[in-house]
Amino acid sequence: MKILAFETSCDETAISIIDIKNTGEQNTITILANNIASQVELHKQYGGVFPMMAKREHMKNIGPLYKQALKDANITDIKNEIDYIAVTSGPGLEPALWVGIAFAKELSEKYEIPLVPVDHMEGHLLSSLLPAYKLHEEIVLRDLPSNSISLLVSGGHTEIIKIEENGKYEILGQTVDDASGEAFDKVARMLYLPYPGGPMISSLAKIAREEELRDIVFPRPMLHSGDYNFSFSGLKTAVLYHIRDNPIKDEKEKMQIARAFEDAVVDVLSAKVIKAIHEHGANYLLLGGGVSANTYLREILHTKANKNNFQIYEPLSPLCGDNALMIAIACYFNIKNNKPIPKIEEIKANGNLKISL
Ligand code: KG4
Ligand code: ZN
């Protein structure tokens, strides 16, 4: 089954084409194309993503990127070679989402290929099933382990999800205010670091850890709330007040703040996810989303996994951030699980879509 997938939910225009099949017990995938046009450099100037600017860039990039993807995949007869078109329908920035949806709808109608709307977060959740990243080579996908827990951490979301025996998802908890990635980005701005803030904060925090700079401690919001919800807005405010009361004088102080902030985020994320793993008797943890690239988070979770006897599936680096390959994979699982495909006129952008199967 060949799937052409589009992703335009935030600041990456992404297109992927995969050939995926079920051979007995296994799902094998061949990545025929996987292209991303990132808008990061543009949004960097403004310290964040403006939806209308993102939309304009998607409109500019999507056509050339589509042509390139067909070329990479060596596809000339779209109508007969592509079985499904997949598109992210949410959650995300609605003006940005509409660019992918409109483009995909046009192709779907022109070539009479079914259009499958895909949940961006389901894409992130399934992205860790890909064990290797090679183009034009057959790769055996990992099976989706049932009764497992997923931690999805991105610029817009922070969720703990239970993957049930029947492969259905249940959101156990989520952020009540800012997402973890959003907190990284906002704290980075306070430290005059460029967007996106996660990688920069992470590298400063690493140096602070190596140099044992640990004078600052920030609160761990909702650590003992007894549920699986998160709150990062208070932590962000704590950083803001700290900087207001102690203006930053040198790089060392920046590093200390970065470390203290990252320590607090990772402490809360890891404590809650371990609690979910224990309470639900899960053997697997699936990581996904931009923040899952964070090396300190991975390090702490791996230490806990060794101690507590569970296994971690984590996305490879090309799949941590937004991409269309994960949307193509999620489309395949939707079809395989007989998730109903809505009529084309019913497919629309939904900025607040909640994961379901
Ligand atoms: O999943 P993603 O690419 O886009 C959304 O769907 O939001 O996530 C982007 C987020 C940004 O907030 C970025 O700062 C964060 O992921 N991020 C990181 C790291 N790399 C990216 N956060 C912490 N540590 C990182 N290494
Ligand atoms: Zn994302």
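The values are calculated or read from the model by the stated rules, or taken from the named source; none is laboratory data. A quick note: this is a predicted structure, and the numbers were derived from the prediction, not measured. Methodologically, a virtual Cβ is constructed for each residue, glycine included, from the backbone with ideal geometry; neighbour enumeration extends over all protein chains shown. SASA here: full protein model, heavy atoms, side chains in, ligands and nucleic acids out. Shrake-Rupley method; radii C 1.70, N 1.55, O 1.52, S 1.80 Å.
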If you check GLU57, GLU122, GLU81, which single one turns out to be open to solvent by less than 10 Å² (accessible area, probe 1.4 Å), acidic (Asp, Glu) and touching a strand residue (DSSP E or B) at 6+ places or on another chain (Cβ under 8 Å)? GLU122
(1) in a helix (DSSP H, G or I); (2) in contact with a strand residue (DSSP E or B) (Cβ under 6 Å, 6 or more places away or on another chain); (3) more than 30 Å from GLU112 (Cβ to Cβ); (4) of a type in the set (Gly, Ala, Ser) all hold for SER270 apart from (2)
Would you be able to say whether some residue in the range 129-151 is within 16 Å of ligand 2 (Cβ to nearest atom) and open to solvent by 30 Å² or more (accessible area, probe 1.4 Å)? no
Out of the range 343-352, which residues are in contact (Cβ under 8 Å) with a residue 60 or more places away in the chain and open to solvent by 50 Å² or more (accessible area, probe 1.4 Å)? LYS348, ASN350, ASN352
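Yes or no, residue by residue, for (1) touching a helix residue (DSSP H, G or I) at 6+ places or on another chain (Cβ under 6 Å); (2) without any contact (Cβ under 8 Å) to a residue 60 or more places away in the chain:
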position	(1), (2)
MET1	no, no
THR8	yes, no
ASP11	yes, no
THR28	no, no
GLN39	yes, yes
LEU42	no, yes
Selected residue [among the small types (Gly, Ala, Ser) and within 30 Å of GLU182 (Cα to Cα)] from ALA69, ALA54: ALA54
Here is a check on your reading of the model: is PRO95 within 16 Å of ligand 1 (Cβ to nearest atom) and either open to solvent by 10 Å² or more (accessible area, probe 1.4 Å) or closer than 30 Å to ALA179 by Cα (or both)? yes
Residue by residue through the range 162-185, note down the ones that are more than 14 Å from ligand 2 (Cβ to nearest atom) and open to solvent by less than 20 Å² (accessible area, probe 1.4 Å). ILE163, GLY167, GLY173, ASP178, ALA183
Pairs with Cβ under 7 Å, 6+ apart, first in the range 193-211 and more than 12 Å from ASP263 (Cβ to Cβ) and near ligand 1 (Cβ under 9 Å from one of its atoms), second open to solvent by less than 60 Å² (accessible area, probe 1.4 Å) and in a loop (DSSP other than H, G, I, E, B): TYR195/GLY47; TYR195/GLY48; GLY198/ASN294; MET200/LEU193; MET200/PRO194
Specify the residue that is farthest from ligand 2 (Cβ to nearest atom); the eligible residues are those in the range 1-27 that are polar (S, T, N, Q) and open to solvent by 10 Å² or more (accessible area, probe 1.4 Å). THR23
Among (1) under 27 Å from ASP11 (Cα atoms); (2) in contact (Cβ under 8 Å) with a residue 60 or more places away in the chain; (3) more than 13 Å from ligand 2 (Cβ to nearest atom), where does GLY156 come up short? (3)
Filter the range 321-340 down to residues that are within 16 Å of ligand 1 (Cβ to nearest atom) and open to solvent by 10 Å² or more (accessible area, probe 1.4 Å) and give me whichever is farthest from THR88 (Cα to Cα). GLY321
Residues of the range 309-320 satisfying the condition of being more than 18 Å from the chain's Cα centre (by Cα) and open to solvent by 60 Å² or more (accessible area, probe 1.4 Å): ASN309, GLN311
Of all residues in the range 273-300 being under 23 Å from SER154 (Cα atoms) and free of Cβ contacts under 8 Å to residues at least 60 places away in the same chain, which is surrounded by the fewest Cβ atoms within 10 Å (Cβ to Cβ)? GLU299
Out of all the residues in the range 111-125, is one or more of a type in the set (D, E, K, R), away from ligand 1 (no atom under 15 Å from the Cβ) and on the phi < 0 side of the Ramachandran plot? no
Can you tell me which residue among GLY92, GLY100 is under 15 Å from the mean Cα position of the chain (by Cα) and either in a strand (DSSP E or B) or under 15 Å from ALA14 (Cβ atoms) (or both)? GLY92
Residues that are under 23 Å from THR295 (Cβ atoms), open to solvent by less than 40 Å² (accessible area, probe 1.4 Å), without any contact (Cβ under 8 Å) to a residue 40 or more places away in the chain and not hydrophobic (A, V, I, L, M, F, W, C): does the range 246-260 have at least one? no
Taking the options ALA330, ALA276, ALA260, name whichever one is touching a Ser or Thr at 6+ places or on another chain (Cβ under 9 Å) and among the aliphatic types (A, V, I, L, M). ALA330
